[in-house]
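Q: My structure is below; once you've seen it, I'll send some questions.
The values are calculated or read from the model by the stated rules, or taken from the named source; none is laboratory data. Keep in mind it's a predicted model, so treat the numbers as computed, not measured. All Cβ positions, even for glycine, are placed from backbone atoms using ideal geometry, and neighbour counts span all protein chains on display. Each accessible area value is taken on the protein alone, full model and side chains, heavy atoms only, with ligands, DNA and RNA left out. Shrake-Rupley method; radii C 1.70, N 1.55, O 1.52, S 1.80 Å.
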Amino acid sequence: MQMVQQGLRATSKSSLKLQCLFCAKGDLKEAKELYDFFASDMPDLPDQDPVPPTWQQNTAQTINGIMDWVKENQGTLAQAYDFIAGIARRTAAAHQSVTTNSRHYE
């Protein structure tokens, strides 16, 4: 019953059956009783584990999400860019002013 103490993490009926069989140490009768007990509270449990998306599908989904975020926040990103560019221009102008003024004192 070690796995029951740690908690079952069933993602499908087939994985729940295997976990119950493991918990029952191969005893089919006990495994079936465990399965029936847990499965009665999970009527929407799928028969098989869902197939994880491929690397390509994950990448495409991530890129699409980023592109959608950029489209939604285009105005904010433009304002942030203008703000940073303005600071850079003022810093460059101040540096230029300091450099010009220091030449007058030589």
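Q: Mind counting the residues in region 42-56 that are modelled with pLDDT of 80 or more, in a loop (DSSP other than H, G, I, E, B) and hydrophobic (A, V, I, L, M, F, W, C)?
A: 1
Q: Give the residue, chosen from Asp47, Asp41, that is at negative phi and under 27 Å from the mean Cα position of the chain (by Cα). Explain how you work it out, then say what you get.
A: Details: Asp41 fails: under 27 Å from the mean Cα position of the chain (by Cα).
Among Asp47, Asp41, only Asp47 is at negative phi and under 27 Å from the mean Cα position of the chain (by Cα).
Q: Restricting to region 7-33, name every residue that is on the phi < 0 side of the Ramachandran plot and more than 33 Å from the chain's Cα centre (by Cα). Please lay out each step first, then the result.
A: Looking only at region 7-33, we keep the residues that are on the phi < 0 side of the Ramachandran plot, and these are 8-24, 27-33.
Matches in region 7-33: Ala24, Asp27, Leu28, Lys29, Glu30, Ala31, Lys32, Glu33.
Q: Quick check on my filter: what residues within region 20-29 are of a type outside the set (A, V, I, L, M, F, W, C) and either at pLDDT 85 or above or open to solvent by 60 Å² or more (accessible area, probe 1.4 Å) (or both)? Break it down stepwise before answering.
A: Taking region 20-29 first, the residues of a type outside the set (A, V, I, L, M, F, W, C) are 25-27, 29.
Correct list: Lys25, Asp27, Lys29.
Q: What are the pairs, 6+ residues apart or on separate chains, where a residue within region 30-49 that is open to solvent by less than 100 Å² (accessible area, probe 1.4 Å) has its Cβ under 7 Å from a residue that is of a type in the set (Val, Ile, Thr)?
A: Filtered contacts from region 30-49: Asp49/Thr11.
Q: I would also like to ask the following. How many residues are among the small types (Gly, Ala, Ser) and assigned to a loop (DSSP other than H, G, I, E, B) when one looks only at region 7-34? Working first, answer last.
A: At the first step, the residues of region 7-34 found to be among the small types (Gly, Ala, Ser) are 7, 10, 12, 14-15, 24, 26, 31.
Subsequent filtering for residues that are assigned to a loop (DSSP other than H, G, I, E, B) retains 7, 10, 12, 24, 26.
Here the count works out to 5.
Q: Looking only at region 57-106, filter to residues that are part of a loop (DSSP other than H, G, I, E, B) and of a type outside the set (Asp, Glu); which one of those is modelled with the highest pLDDT?
A: As a first pass, look at region 57-106 and keep what is part of a loop (DSSP other than H, G, I, E, B): 73, 105-106.
Adding the requirement that they be of a type outside the set (Asp, Glu) leaves 73, 105.
On the way: Asn73: 95, Tyr105: 51.
Only one residue fits best here, namely Asn73.
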